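Heads up: the structure comes next, in structure tokens.
The values are calculated or read from the model by the stated rules, or taken from the named source; none is laboratory data. This structure is a prediction, so every number in the text was calculated from the model and none was measured. For neighbour counting, all protein chains shown are included, and Cβ atoms are generated from backbone atoms with ideal geometry for every residue, glycine included. Quick note on the areas: whole protein, heavy atoms, side chains included, nothing else; ligands and nucleic acids left out. Shrake-Rupley method; radii C 1.70, N 1.55, O 1.52, S 1.80 Å.
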Amino acid sequence: LKHCISTEAAQEISCLEKIKCGTCCKILKHEHSLQLHMKTHINDEMVKKPYACKVCSSRFSQEVHLRQHE
């Protein structure tokens, strides 16, 4: 027998499965997304964007973006 729940209840359950930023209350779907998001709250550019281009010194928050740039 299949149980049915209302759309509102389904959204509430879905919301509980998501991760909330403790600083700005943004809702994220994955723990990894929260780790990346937390860098937006850091003022230190070296920590916020640790990946630097060796040619032009542009900085990136993720290594994949640096590789795309190069």
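Note on the stretch 16-40: residues that are open to solvent by less than 90 Å² (accessible area, probe 1.4 Å) and either at pLDDT below 85 or not in a loop (DSSP other than H, G, I, E, B) (or both) total 11. Counting the residues of the stretch 46-70 that are farther than 25 Å from I19 by Cβ and either exposed (fewer than 12 other Cβ atoms within 10 Å of the Cβ) or in contact with a Gly (Cβ under 6 Å, 6 or more places away or on another chain) (or both) gives 8. Beta carbons closer than 6 Å, at least 6 apart along the sequence or on distinct chains, pair a first residue in the stretch 54-70 that is among the basic types (K, R) with a second that is surrounded by 10 or more Cβ atoms within 10 Å (Cβ to Cβ) and not in a strand (DSSP E or B) for R59/K49. All of (1) in a loop (DSSP other than H, G, I, E, B); (2) at pLDDT 90 or above; (3) open to solvent by 100 Å² or more (accessible area, probe 1.4 Å); (4) not acidic (D, E) hold for N43 with one exception: (2).
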